[in-house]
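The values are calculated or read from the model by the stated rules, or taken from the named source; none is laboratory data. Because the structure is predicted, anything quoted here is derived from the model rather than measured. Note: ideal-geometry Cβ built from the backbone for every residue, glycine included; neighbour counts use all protein chains shown. Only protein heavy atoms, including side chains, enter the accessible area calculation; ligands, DNA and RNA are left aside. Shrake-Rupley method; radii C 1.70, N 1.55, O 1.52, S 1.80 Å.
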Amino acid sequence: MEVVEQWKVQLENWTGQLWELLHHGLQHVHQIPPAQLYAAIAVLSFTTLFLLSLRLFKRKRSNTIVLAGLGGSGKTVLFHQLRDGSSHQGTVTSMEPNEGTFILHSETSKKGKIRPVHVIDVPGHSRLRPKLDEVLPLAAGIVFVIDALDFLPNCRSASEYLYDILTKATVVKKKIPVLLLCNKTDKVTAHTKDFIRKQLEKELDKLRASRSAVSAADIANDFTLGISGEAFAFTQCHNRVTIAEASGLTGDIAQVEEFIREHVKP
Ligand SMILES: Nc1nc2c(ncn2[C@@H]2O[C@H](COP(=O)(O)OP(=O)(O)OP(=O)(O)O)[C@@H](O)[C@H]2O)c(=O)[nH]1
Ligand SMILES: [Mg+2]
């Protein structure tokens, strides 16, 4: 009991002291000229606002990954593989974008807080491609899926699609990183990524020549590709363009996941 009493007295002492301090403080404030007081308040609120906006900006960092590429290259299979770790629902041509925000399937067993990824699978059908313009401004990264198996017959059209992406104002200005994903490497007849890169560079070089000849005022392509006068190479792009291999069907997608996590921090 005595201890409790002692504590009570001590507490009363402290509160008394606190009140006194507060009183002194208030008196002090009254002595300050109002102009100074307002200035102090202004500075304080400005710093608070500044810190708050910093936080907001930080949170705004995008977590969107866009899957693009020709029809049949394997985007939808890859989407399901990333989300569920299985490859169902990939055999029909997509008529509308697949979209989802999720933690990558390979990370579901990881402990701690993991940031979900917003993945958008934009169908390859040319009539649905305008959707790409809507989603690209959000993108933290673009995965351009290429069919490495049936590559040569599609090389031209894949290059045209890629050309449009690499010359878009949002992509160039925001330097959105692009991963060229050579898919379907589970088959032995699939072309290697080095072969595919060289072919694409050659084709893009040709496209650049023909497109700049067609019209100088082409509004669809906002920027020119590469360095004029030099043979085109992906290293000339303002944004980072890398190349990797995967098989959506067998779940061999580690390199895609690495790309995603490089640009959407966990
Ligand atoms: N061998 C092999 N086949 C694959 C792979 N990924 C997809 N496929 C097959 O390729 C075909 C097309 O796959 P989808 O994922 O539907 O292609 P998509 O890119 O979504 O096509 P669109 O929706 O038309 O733009 C399907 O028959 C898949 O089974 C892969 O990694 N290896
Ligand atoms: Mg699809």
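Structure above, values below:
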quantity	calculated
Filter pass, Gln27 being open to solvent by 90 Å² or more (accessible area, probe 1.4 Å), without any contact (Cβ under 8 Å) to a residue 60 or more places away in the chain and more than 16 Å from ligand 2 (Cβ to nearest atom)	yes
Close pairs (7 angstrom Cβ cut-off, 6 or more residues apart or separate chains): part of a loop (DSSP other than H, G, I, E, B) in the range 124-149, surrounded by fewer than 21 Cβ atoms within 10 Å (Cβ to Cβ) and of a type in the set (A, V, I, L, M) anywhere	Ala148/Ala190; Leu149/Ala190
Residue ranges of helices (runs of 4 or more DSSP H) in the range 1-114 with at least 2 members under 19 Å from Ala246 (Cβ atoms)	75-84
Members of the range 226-256 that are open to solvent by 30 Å² or more (accessible area, probe 1.4 Å) and part of a helix (DSSP H, G or I)	Thr235, Gln236, Ala254, Gln255
Subset tally (residues that are closer than 27 Å to Gln236 by Cβ, open to solvent by 40 Å² or more (accessible area, probe 1.4 Å) and within 16 Å of ligand 2 (Cβ to nearest atom)) for the range 144-156	1
Only listed residue being away from ligand 1 (no atom under 11 Å from the Cβ) and out of contact with any Cys (no Cβ under 9 Å at 6 or more places or on another chain), chosen from Phe79, Phe102	Phe102
Breaking point among (1) open to solvent by less than 80 Å² (accessible area, probe 1.4 Å); (2) in contact with a Phe, Trp or Tyr (Cβ under 9 Å, 6 or more places away or on another chain); (3) under 30 Å from Lys265 (Cβ atoms); (4) modelled with pLDDT under 95, for Gly141	(4)
Positions within the range 82-97 being buried (at least 17 other Cβ atoms within 10 Å of the Cβ), at pLDDT 80 or above and within 8 Å of ligand 1 (Cβ to nearest atom), in sequence order	Ser94
